[in-house]
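Here's the structure we're looking at; comments come further down.
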Amino acid sequence: QVQLVESGGGLVQPGGSLRLSCAASGSIWSFETVGWYRQRPGKQQELVARITSGGRTNYADSVKGRFVISRDNAKNTVYLQMNGLKPEDTAVYYCNAQVRRTILDNVRDYWGQGTQVTVSS
């Protein structure tokens, strides 16, 4: 079984920073594309940022220049550095990872439990 555990959420003032972590554990052969998604109140879930196993990244327009996604493959961990936070960034942030559990396994999608980010003065 594979588990994704997010951490790093919390309450921060506008303009502040937070760093989210998504750590994968369990039976993992390869830890492939990983995305951070968020669910804002009253809104549909949206992709915030994504990183491939090779390090290629893409971002939602609303966070470009403020958020940076990175990964530590040795630790099977992906980070989301969030700077210049705005009240509209308030959401539950979820990590999604494509994981191959064995060399013969298909790639499967896994989700974390989510971490709350609240931006408020």
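The values are calculated or read from the model by the stated rules, or taken from the named source; none is laboratory data. Keep in mind it's a predicted model, so treat the numbers as computed, not measured. Methodologically, a virtual Cβ is constructed for each residue, glycine included, from the backbone with ideal geometry; neighbour enumeration extends over all protein chains shown. What goes into the accessible areas is simple: the full protein's heavy atoms, side chains included, and nothing from ligands, DNA or RNA. Shrake-Rupley method; radii C 1.70, N 1.55, O 1.52, S 1.80 Å.
Can you tell me which of Val63, Val2, Val12, Val68 is surrounded by 20 or more Cβ atoms within 10 Å (Cβ to Cβ) and among the β-branched types (Val, Ile, Thr)?
Result: Val63 is the single residue among Val63, Val2, Val12, Val68 that is surrounded by 20 or more Cβ atoms within 10 Å (Cβ to Cβ) and among the β-branched types (Val, Ile, Thr).
Based on this model, can you work out whether Ala49 counts as in a strand (DSSP E or B) and either within 17 Å of Gly114 (Cβ to Cβ) or without any contact (Cβ under 8 Å) to a residue 24 or more places away in the chain (or both)?
The answer is yes for Ala49.
Please tell me if Asn58 is open to solvent by 30 Å² or more (accessible area, probe 1.4 Å), without any contact (Cβ under 8 Å) to a residue 24 or more places away in the chain and closer than 16 Å to Ser27 by Cα.
No, not satisfied.
I'd like to verify a number: residues in the stretch 1-46 that are within 16 Å of the chain's Cα centre (by Cα) and not in a strand (DSSP E or B), how many?
5
Out of (1) over 18 Å from Ser21 (Cβ atoms); (2) at pLDDT 95 or above, what's the single condition that is false for Asn83?
Asn83 satisfies every listed condition except (1).
Being small (Gly, Ala, Ser), within 16 Å of the chain's Cα centre (by Cα) and either open to solvent by less than 30 Å² (accessible area, probe 1.4 Å) or at negative phi (or both): is that true of Ala74 here?
It is false that Ala74 is small (Gly, Ala, Ser), within 16 Å of the chain's Cα centre (by Cα) and either open to solvent by less than 30 Å² (accessible area, probe 1.4 Å) or at negative phi (or both).
Could you tell me which of the residues Ser70, Ser62, Ser27, Ser53 is more than 17 Å from Gln1 (Cα to Cα) and out of contact with any Phe, Trp or Tyr (no Cβ under 9 Å at 6 or more places or on another chain)?
Ser62
Just checking, how many residues over the stretch 86-119 are touching a residue at least 40 places away in the same chain (Cβ under 8 Å), open to solvent by 40 Å² or more (accessible area, probe 1.4 Å) and part of a strand (DSSP E or B)?
Looking only at that region, the number is 8.
Give Thr57, Thr33, Thr77, Thr102 a once-over and let me know the one that is hydroxyl-bearing (Ser, Thr, Tyr) and at pLDDT below 95.
From the options Thr57, Thr33, Thr77, Thr102, the qualifying one is Thr102.
Name the single residue that is least open to solvent (accessible area, probe 1.4 Å) among those in the stretch 38-52 being closer than 16 Å to Val99 by Cβ and not polar (S, T, N, Q).
Ile51
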